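To start, the structure under review is shown below, and the notes come after it.
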């Protein structure tokens, strides 16, 4: 049986990428999948490199039963392009980030997924688009998360 995956899509751009689990923090991946579908506003980093951020994602279906400090961590500047991490805030609200290109920040985060290899060029295209548009034009774009089998 194939590994489960989810899709990140940007409806205003008519773009999407497929994301699968990695070899660590599977509990986090499974928990995220249980809380789909989800939607939020797209943001981007403004310092320390190029990543796309998805903030204030409501995770209301399954209670968060993991502790960030107990997850296996990786240093963001060493990740491959497309690697994703998550951290939680109060009130079952998640923050996701995916590395798009270079990053200089030597901080560790709990990684749990990665954009599949075939879709990484799309992630780079979208990431650079947001780098220019969000910082200069200040437009709003949405990002959606759905299970691949629900498409």
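Checking each residue in region 51-64 for being in contact with a helix residue (DSSP H, G or I) (Cβ under 6 Å, 6 or more places away or on another chain) and assigned to a strand (DSSP E or B) picks out only 52.
Looking across region 125-151, the residues that are under 26 Å from residue 78 (Cα atoms), in contact with a strand residue (DSSP E or B) (Cβ under 8 Å, 6 or more places away or on another chain) and surrounded by fewer than 17 Cβ atoms within 10 Å (Cβ to Cβ) come down to 125, 128, 135.
Scanning region 83-109 for residues that are in contact (Cβ under 8 Å) with a residue 60 or more places away in the chain and within 15 Å of residue 24 (Cα to Cα) yields 83, 84. Restricting attention to region 111-151, the residues that are in contact (Cβ under 8 Å) with a residue 40 or more places away in the chain and in a loop (DSSP other than H, G, I, E, B) add up to 4. Contact map, region 1-16: residues that are at positive phi and touching a residue at least 60 places away in the same chain (Cβ under 8 Å) paired with residues that are part of a loop (DSSP other than H, G, I, E, B) and surrounded by 13 or more Cβ atoms within 10 Å (Cβ to Cβ), Cβ distance under 6 Å, separation 6+ or inter-chain. No pairs are found. Given the structure, is residue 61 at pLDDT below 90, surrounded by fewer than 15 Cβ atoms within 10 Å (Cβ to Cβ), over 13 Å from the mean Cα position of the chain (by Cα) and under 19 Å from residue 7 (Cα atoms)? Yes, satisfied.
All conditions but one from (1) more than 23 Å from residue 118 (Cβ to Cβ); (2) buried (at least 17 other Cβ atoms within 10 Å of the Cβ); (3) at pLDDT 90 or above; (4) in contact with a strand residue (DSSP E or B) (Cβ under 7 Å, 6 or more places away or on another chain) apply to residue 98; the one that does not is (1). Filtered by the rule that a residue be more than 26 Å from residue 66 (Cα to Cα) and surrounded by fewer than 18 Cβ atoms within 10 Å (Cβ to Cβ), region 101-118 gives 101, 102, 104, 117, 118. None of 71, 59 is touching a strand residue (DSSP E or B) at 6+ places or on another chain (Cβ under 8 Å) and over 19 Å from residue 147 (Cα atoms) except 71. Considering region 29-50, and only residues there that are touching a helix residue (DSSP H, G or I) at 6+ places or on another chain (Cβ under 9 Å) and not in a loop (DSSP other than H, G, I, E, B), the residue that is surrounded by the fewest Cβ atoms within 10 Å (Cβ to Cβ) turns out to be 49. Considered as a group, the residues in region 72-93 that are modelled with pLDDT of 85 or more and part of a strand (DSSP E or B) include one that is surrounded by the fewest Cβ atoms within 10 Å (Cβ to Cβ), and that residue is 75.
The values are calculated or read from the model by the stated rules, or taken from the named source; none is laboratory data. For clarity, every value in this text was computed on a predicted model and none was experimentally measured. Positions of Cβ are generated from backbone atoms using ideal geometry, with glycine treated the same way; all protein chains shown enter the neighbour counts.
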